[in-house]
There are 2 protein chains.
Amino acid sequence: MIEMYLLEQLVAVAKHKTLLAAADALHITQPALTRSMKKLEQLFGFALFDHHANRIEINENGLLASEYAKRILQLEQEMIDQVTHLEQSKHTIFLESCAPAPMIYLQQRLALLFSTYSVQSHLTNSEGKIIGALKQNKCQLAIVSAPVKDPNIISSKIFTEHLYLSVMPAHPASQKEKISFQEIDGETFLLHGSLGIWKDVVNEKLSHSRFIVQDQMQDLSVLLASSSLPAFTTNISWNIYPRQEKRLEIPIVDHDASTTFYLAYHRKDQDIFKALLPET
Amino acid sequence: MIEMYLLEQLVAVAKHKTLLAAADALHITQPALTRSMKKLEQLFGFALFDHHANRIEINENGLLASEYAKRILQLEQEMIDQVTHLEQSKHTIFLESCAPAPMIYLQQRLALLFSTYSVQSHLTNSEGKIIGALKQNKCQLAIVSAPVKDPNIISSKIFTEHLYLSVMPAHPASQKEKISFQEIDGETFLLHGSLGIWKDVVNEKLSHSRFIVQDQMQDLSVLLASSSLPAFTTNISWNIYPRQEKRLEIPIVDHDASTTFYLAYHRKDQDIFKALLPET
DNA sequence: TGAAATTACGCTCTACGTAAGCATT
DNA sequence: AATGCTTACGTAGAGCGTAATTTCA
């Protein structure tokens, strides 16, 4: 049997071309590598290198072996990652979401409902990746904007998120009862950095606008209170962050200013997560 | 990093359910395994087994880990096999054939022409497997009954093998100048055990016959000399084995009593193997 | 009482580092 | 002379075996 450390060292030698460089990278000494490579050749029963007086050159055998070694080391790392994730998933609810406010809102509800678990949530723009993560058991819960077509996965409607324009009273739109994207395209907005699928809507409908991006939600709140720049809120975000007292919220009437979200989870977890759904 | 011996031991424990049985299979002692499994759990950072007082039960984590371990060990074995084969192929010409006499004949010619190489030949019934072996570089030369459709592989006609009925003078057919399968279907024949693609022809055309099978060519020769049972020879086999002096050979006229064989090899080996081909 | 896992202790083998040697550029 | 691989020697540690202990059926 060929041990892992030998494979790791072989890969390093194949990569760095000389024993000295590889030894440096591995934080061992050169003689140790000389011995290891000789041991490898002895285990295989033939040469993996052309041994010259003061240099070695990997040969065809060594190259093939190092390719395999790389794959073996990758597989070992995958084993560690996957088993570790399996263990973590027993104490953690992993949540993938395509939109920020629904994510934070659900995260808070999960923390209350499943207080013995910890919750890890992650925002991803691509819904395909989210569904992939769910199918590969990398997460147990997903927030998506359309039902998942898979017999083993249940998609339940949870709520519809409506976008609102948030303005100071001095803003021209403040008196309106409703507004459209077209009317405000071209203005400069304060925006959070992570928008999920809303990013597509904003880019398309407000293509002439400038956006002042702020990634930290707390800093954004300070800006919202002090600045006269328009911004956006949603009916879901009101559950999470306090409404800015001075600001007025004007509903946006466009069709794609509203998105219905679905909670997706494996059928086997149906009983666990049904407490999250609205009563019917 | 998790060493191979730990993975091997984990797989054994997962397979044999108890440490004692696994230790037995691995030819080590039970305490060694106890320590190894504890070491594995320490490396992962969590339990892979439910530890009871006097029994241990693998858990979900351990099962997943052992599945990966199995794959890693398989990959390691594949590495050893493939690299070893690559090394061997430098000193050995591997020949796969779908018919016995062409194989032996070519093996003899190879031994003469490439005296610094050793030759390993192998008879396989399935031509698909032969072509697969050639494409995967498991052999450099193949004898097949139809050209291989692959731009990287050259198929050159080498010869056509004709089947002859071999009978003693007393046999009714001995006076004939030619004969067909139909005329002899139902008789009992002496036959070699390995026929390659000829097996299909024999089974189909002589479905009413009985066959006395002898795997050892030398023993078959003795039988052929002493027995009055009919048998088969081919124009190719005459190059290999001495003709039985007492016997007469009657050509078989059926279309599928003749097969044209092709030598298949990678384009890069074209120059090496062209010496084997008939002059044009 | 027997079967099976764990703990304790001692040994051996091995992978490593240090130091020195040697060949090539 | 500098670079880089190899050889020689000593050491610390790791993995294994033996023996004793514990627990459950």
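Packing, as the average of other Cβ atoms within 10 Å across residues, places the peptides A:148-154, B:230-236, B:187-193 in the order B:230-236, B:187-193, A:148-154, highest first. Considering helices alone, the calculated mean residue ellipticity of chain A at 222 nm is -12500 deg cm²/dmol, with DSSP H runs of length four and up weighted by -39500 (n - 2.57) and normalised per residue. Looking at the stretch B:181-280, the trypsin sites (Lys or Arg not before Pro) that sit in a DSSP loop and have at most 16 other Cβ atoms within 10 Å of their own Cβ are B:Arg243, B:Lys246. Take B:Met1, push a point 7 Å out from Cα through the beta-carbon direction, and compare it with the same point in every other copy: 1.5 nm, smallest first.
Working from label points 7 Å from Cα in the Cα-to-Cβ sense, the B:Asn239 to B:Ser226 distance is 3.2 nm.
Loop-only GluC sites (Glu not before Pro) in the stretch B:240-280, please: DSSP not H, G, I, E or B, and at most 11 other Cβ atoms within 10 Å. Those satisfying the criteria are B:Glu245, B:Glu279.
Surface burial for A against B, with a 1.4 Å probe and both sides summed, reaches about 3000 Å² of accessible area. By DSSP, the beta bridges lying fully in chain A are antiparallel in about 60 percent of cases.
For the protein assembly as shown, with every protein chain kept in place, what is the accessible area per residue (1.4 Å probe, Å²)?
Using a 1.4 Å probe on heavy atoms only, each residue of the protein assembly as shown averages 54 Å².
From the label point of A:Gln175, set 7 Å along Cα to the beta carbon, how far off in nm is each other copy's matching point, shortest first? List, nearest first: 12.8 nm. Going from the chain on its own to the full set of protein chains, the stretch A:63-87 has these residues losing 40 Å² or more of accessible surface (heavy atoms, 1.4 Å probe, no ligands, DNA or RNA): A:Leu64, A:Tyr68, A:Ile72, A:Leu75, A:Glu76, A:Met79, A:Val83, A:Leu86, A:Glu87. Annotation for A:Tyr5 and B:Asn152: the two label points, set 7 Å from Cα along the Cα-Cβ direction, are 3.8 nm apart. Got a sec? Which residues in the stretch A:44-66 would a label at A:Thr34 touch, if it sits 7 Å along Cα→Cβ and we count backbone N under 15 Å? Counting only backbone N, you get A:51-57.
Peptide A:31-42 has a mean shielding of 0, counted as Cβ atoms of other protein chains within 10 Å of each residue's Cβ.
Normalised by 2.2 N^0.38 Å, with N the number of residues, the alpha-carbon radius of gyration of the stretch A:117-182 equals 1.67. Couplings 3J(HN,Hα) of the stretch B:170-175, computed from phi: 6, 5, x, 7, 5, 7 Hz, in residue order, whole Hz [Karplus 6.51 cos²θ - 1.76 cosθ + 1.60, θ = phi - 60°; x for Gly and Pro].
Counting Cα-Cα pairs of chain B in 10 Å increments starting at 0 gives whole-percent bin shares of 6, 22, 20, 14, 14, 13, 8, 3, 0. Summarising the amide proton neighbourhood of A:Phe159: residues at separation of 5 or more, or on other chains, whose placed amide H is nearer than 5 Å comprise A:Phe261.
Computed from backbone phi with θ = phi - 60° and the Karplus coefficients 6.51, -1.76 and 1.60, the 3J(HN,Hα) list for the stretch B:264-279 is 10, 7, 5, 3, 5, 9, 3, 5, 5, 9, 5, 5, 7, 7, x, 5 Hz; x is used for glycine and proline. The HN-Hα couplings worked out from phi for the stretch A:143-152 by the Karplus form 6.51 cos²θ - 1.76 cosθ + 1.60 (θ = phi - 60°) are 9, 10, 9, 8, x, 8, 8, 7, x, 8 Hz, whole numbers, x standing for Gly and Pro.
Sorted shortest first, the distances from the A:His122 label point to those of the same residue in the other copies are 4.4 nm; each point sits 7 Å from Cα along Cα-to-Cβ. Of the residues B:Ile197, B:Ile143, B:Ile184, the one that moves most in a GNM of chain B with alpha-carbon contacts below 10 Å is B:Ile184. Taking the Cα centroid of the stretch A:9-47 and of the stretch B:41-85, what is the distance between the two, rounded to the nearest whole Å? Each part's Cα centre sits 26 Å from the other's. Restricting the trypsin sites (Lys or Arg not before Pro) of the stretch B:56-108 to loop positions (DSSP other than H, G, I, E, B) with no more than 13 neighbouring Cβ atoms within 10 Å leaves B:Lys90.
In this structure the amide hydrogen of B:Ile212, modeled in the peptide plane, comes within under 5 Å of the amide hydrogens of B:Phe189, B:Leu190, B:Leu191, none closer than 5 places in sequence on its chain. Per atom type, the protein assembly as shown shows carbon and sulfur on 51% of its accessible surface, probed at 1.4 Å. Among the residues of the stretch A:1-23, those with an accessible-area drop of 40 Å² or more from chain alone to full protein complex, heavy atoms and 1.4 Å probe, are A:Met1, A:Ile2, A:Glu3, A:Met4.
Placing unit charges on each Cβ (+1 for Lys and Arg, -1 for Asp and Glu) gives the protein assembly as shown a dipole about its Cα centre, and among A:Ile236, B:His171, A:Leu206 the Cα reaching farthest toward its positive end belongs to A:Ile236. Taking max minus min of the alpha-carbon positions on each principal axis, the stretch A:4-87 gives extents of 51, 25, 18 Å, largest first.
Amide H contacts of B:Ile93: B:Ser118, B:Val119, B:Gln120, each under 5 Å away and 5 or more positions distant or on a separate chain (H built 1.01 Å from N in the peptide plane; Pro and chain starts excluded). Ranked by the mean number of other Cβ atoms within 10 Å of their residues, highest first, the peptides B:38-46, B:10-18 fall in the order B:10-18, B:38-46. Using alpha carbon centroids, what distance separates the stretch B:220-274 and the stretch B:109-132, in Å? Value for the Cα centre distance between the two parts: 17 Å. The mean of 1/r over all pairs of different alpha-carbon atoms in the stretch A:160-257, once inverted, gives a Kirkwood hydrodynamic radius of 13.5 Å.
The values are calculated or read from the model by the stated rules, or taken from the named source; none is laboratory data. Given the structure is predicted, the values throughout are model-derived calculations rather than measurements. Ideal geometry is used to build each Cβ from the backbone, glycine not excepted, and the neighbour counts take in all protein chains shown. Areas reflect the complete protein model, heavy atoms only, side chains present, ligands, DNA and RNA absent. Shrake-Rupley method; radii C 1.70, N 1.55, O 1.52, S 1.80 Å.
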